[in-house]
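The values are calculated or read from the model by the stated rules, or taken from the named source; none is laboratory data. Being a predicted model, the structure only gives us computed values, none of them experimental. Note that each Cβ is placed from the backbone with ideal geometry, even for glycine, and that neighbours are counted across all protein chains shown. Heads up: the accessible areas ignore ligands, DNA and RNA and are worked out on the full protein's heavy atoms, side chains in. Shrake-Rupley method; radii C 1.70, N 1.55, O 1.52, S 1.80 Å.
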Amino acid sequence: MYSTILQFLEKTAHNFPDKAAYTDRNTSLTFKDFLENAQKIGSGILKTVKRCNPVAVYMDKSASCIYTYLGAVYAGCFYVPIDPQMPVERVSLILETLNPGLIICDDTTKEASELFSDKYRIQHYKELLETTIDTDKLSLIRDKAKSTDILYVLFTSGSTGRPKGVTISHLAVIDFTDWICEKYKLTEDSSLCSQAPFYFDASVPDIFIPLKTGATLFIPEKKFFTFPKLILQYLKDKQINTLIWVPSALCNVVNTNAFNVCIPDSVKLVIFCGEVMPCKHLNVWKKHLPDARFVSMYGPTEATYACMYYDIDRDFSDDDSLPLGKACENSEIIILNENNNLASTGEIGEICILGQCLSSGYFGNQEKTQAAFVQNPVNKNWIELMYRTGDLAYVDKQNNVVFAGRKDFQIKRLGHRIELGEIESNIIAVDGVNNACCIYNHQNQNIIAVYSGSLSQNDLKTVLTKKIPQYMVPNKIIQLDKIPLNLNGKIDRKLIEEKYKDA
């Protein structure tokens, strides 16, 4: 059994030394070169940073970024991705929480990183690359490594406005990577296209599948995802066969009619996770890639990318909802009702996650950790922590978990309990609608729907009155050219609430 992710890299570099590992527009690194660069950077880091300390990697998304992450791991530390597009205020909050032993920058972030030079040590990754590999010291560090050591910390939004640092261990990533590679037959012949930012957990499979299998990860220019016709052509030109994207990126391809220009028929596996995938958009992908396998996954950052999966092996109508499916290997999903008992079949309750996938908690925040990671109330006999997701679901007759909204998206209006997600799903299913988001003004009890698409507001309201009960029909419907997305590619609900709540 492997105890660190570095063993993946070393075995693959031995088996496929000259094969392309990570390729961006400027660089194509072989596994041999990747290993050497990671060890050089690790040797440089350990000169000044003690073992088990955070290393902030403040770099633009690139192949260099990934071997810098692994360099931090070789030094016995863990890496924390920080994106150049993050607002300086958010970066500052993250650094205050971390107090990193080192901030590693590149040409893109060198100037911005100087803002923090009075508090933290800053070093350019190219300077670290000039270090001679110190085999003896790397070996001493390695002797102390264990599978429960932290591999990375990813920062997510916090309810107080302060980001929360989700800690994930080597063991959790090794377990997930082993499972997804075996389950979907990912090998050295697999080629992936990176879509998600590296500070977002949707990038975890992209980063670690190549280390495990010898697959190649292609990192396209960011602008390609702004113009979906370009990204489809990129997939075709590079003969990419595996996509692990967030639904918003897949939907954007459909909304811009990009398939009319290019069909990347090399793609044989499409996995999506991170938010609800509308069946209307999924059906367009299935129509144009009839030989591809489509998989829906579910999991918060606290569960190492995914803890549930659903192989889409049947047809769904445009207004259907996909099940979340069943637990991944070494994970367990329980649905707890309001009385903290196991929900019966069909009864809605909160999704709670157990198993090897779980985070070790929030970095430097015991209070938040203890509130979210709690004892499994069903087990009275030994300590067994579970994560309360805040997501609502039920188990159907086929034993699949079915999403039923968020606790914080559930409202009470006119005596009725309403899931805003249900309204959104019905809006998105309407012809002429590309995307939608619903918010609620608690003061005047108004439901506000914002959407993008060609359908007029009046026509949309007419359709909705025939699809959902009157008490669920939005009081106000606002048409936008485009639904705003956050840096993770998800709908920016916070921005929509700030702008349209009192519309």
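What the table shows:
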{"read-out": "Index of the failed condition, Ala196 passing every other in (1) open to solvent by 10 Å² or more (accessible area, probe 1.4 Å); (2) touching a Phe, Trp or Tyr at 6+ places or on another chain (Cβ under 9 Å); (3) at pLDDT below 95; (4) farther than 26 Å from Ser3 by Cα", "value": "(1)"}
{"read-out": "From Thr167, Thr213, residue being modelled with pLDDT of 95 or more, within 30 Å of Arg90 (Cα to Cα) and open to solvent by less than 20 Å² (accessible area, probe 1.4 Å)", "value": "Thr167"}
{"read-out": "Candidate set: segment 33-45, residues that are closer than 15 Å to Glu130 by Cβ and hydrophobic (A, V, I, L, M, F, W, C); chosen: the one surrounded by the most Cβ atoms within 10 Å (Cβ to Cβ)", "value": "Ile41"}
{"read-out": "Condition check for Ile240: of a type in the set (Val, Ile, Thr), buried (at least 18 other Cβ atoms within 10 Å of the Cβ) and assigned to a loop (DSSP other than H, G, I, E, B)", "value": "yes"}
{"read-out": "Residues located in segment 369-397, provided they are under 26 Å from the mean Cα position of the chain (by Cα), surrounded by fewer than 17 Cβ atoms within 10 Å (Cβ to Cβ) and of a type in the set (S, T, N, Q)", "value": "Gln370, Gln375"}
{"read-out": "Residue, most open to solvent (accessible area, probe 1.4 Å), within segment 425-445, restricted to residues that are outside any strand (DSSP E or B), without any contact (Cβ under 8 Å) to a residue 60 or more places away in the chain and not β-branched (Val, Ile, Thr)", "value": "Gln443"}
{"read-out": "Failed item in (1) in contact with a Pro (Cβ under 9 Å, 6 or more places away or on another chain); (2) open to solvent by 10 Å² or more (accessible area, probe 1.4 Å); (3) modelled with pLDDT of 95 or more; (4) assigned to a loop (DSSP other than H, G, I, E, B), with Pro220 passing the rest", "value": "(1)"}
{"read-out": "Output for segment 46-62, where each listed residue is touching a residue at least 60 places away in the same chain (Cβ under 8 Å), basic (Lys, Arg) and either in contact with a helix residue (DSSP H, G or I) (Cβ under 6 Å, 6 or more places away or on another chain) or surrounded by fewer than 16 Cβ atoms within 10 Å (Cβ to Cβ) (or both)", "value": "Lys47, Arg51"}
{"read-out": "Selection from segment 328-372 of residues that are in contact (Cβ under 8 Å) with a residue 40 or more places away in the chain and part of a strand (DSSP E or B)", "value": "Ile333, Ile334, Ile335, Leu336, Gly349, Glu350, Ile351, Ile353, Gly355, Gly361, Tyr362"}
{"read-out": "Evaluation of Lys137 against (1) in contact with a helix residue (DSSP H, G or I) (Cβ under 9 Å, 6 or more places away or on another chain); (2) surrounded by fewer than 22 Cβ atoms within 10 Å (Cβ to Cβ); (3) more than 18 Å from Tyr74 (Cβ to Cβ) (one fails), failing number", "value": "(3)"}
{"read-out": "All positions within segment 446-492 that are over 29 Å from Thr156 (Cα atoms), in a loop (DSSP other than H, G, I, E, B) and open to solvent by less than 80 Å² (accessible area, probe 1.4 Å)", "value": "Leu455, Ser456, Ile468, Pro469, Val473, Pro474, Asn475"}
{"read-out": "Tally, over segment 44-102, of residues that are basic (Lys, Arg) and under 21 Å from Asp149 (Cβ atoms)", "value": "3"}
{"read-out": "Lone qualifier among Asn339, Asn257 - being of a type in the set (S, T, N, Q) and on the phi > 0 side of the Ramachandran plot", "value": "Asn257"}
{"read-out": "Failed item, numbered, when Thr109 is tested on (1) surrounded by fewer than 18 Cβ atoms within 10 Å (Cβ to Cβ); (2) of a type in the set (S, T, N, Q); (3) at pLDDT 95 or above", "value": "(1)"}
{"read-out": "Cβ-Cβ under 8 Å pairs, at least 6 apart or on other chains, segment 1-26 side at pLDDT 95 or above, far side part of a helix (DSSP H, G or I) and surrounded by fewer than 18 Cβ atoms within 10 Å (Cβ to Cβ)", "value": "Thr4/Arg142; Leu6/Arg142; Ala13/Lys32; Pro17/Lys32; Asp18/Lys32"}
{"read-out": "Segment 398-422, residues that are at pLDDT 90 or above, buried (at least 16 other Cβ atoms within 10 Å of the Cβ) and either hydrophobic (A, V, I, L, M, F, W, C) or out of contact with any strand residue (DSSP E or B) (no Cβ under 7 Å at 6 or more places or on another chain) (or both)", "value": "Val401, Val402, Phe403"}
{"read-out": "When residues of segment 250-309 are limited to those that are among the β-branched types (Val, Ile, Thr) and in a helix (DSSP H, G or I), the one nearest to Ala202 (Cα to Cα)", "value": "Thr301"}
{"read-out": "Residue match in segment 45-54 (condition: in a helix (DSSP H, G or I) and in contact with a Leu (Cβ under 7 Å, 6 or more places away or on another chain))", "value": "yes"}
{"read-out": "Members of segment 148-164 that are in a loop (DSSP other than H, G, I, E, B) and either touching a Phe, Trp or Tyr at 6+ places or on another chain (Cβ under 7 Å) or at pLDDT 85 or above (or both)", "value": "Thr148, Asp149, Pro163"}
{"read-out": "Residues (closer than 15 Å to Ile45 by Cβ and in a strand (DSSP E or B)) located in segment 82-105", "value": "Leu102, Ile103, Ile104, Cys105"}
{"read-out": "Boolean, Ala303 is buried (at least 19 other Cβ atoms within 10 Å of the Cβ), in contact with a Phe, Trp or Tyr (Cβ under 9 Å, 6 or more places away or on another chain) and either under 24 Å from Asn399 (Cβ atoms) or modelled with pLDDT of 95 or more (or both)", "value": "yes"}
{"read-out": "Selection count, segment 1-29, where residues are closer than 23 Å to Gln195 by Cβ and open to solvent by 10 Å² or more (accessible area, probe 1.4 Å)", "value": "9"}
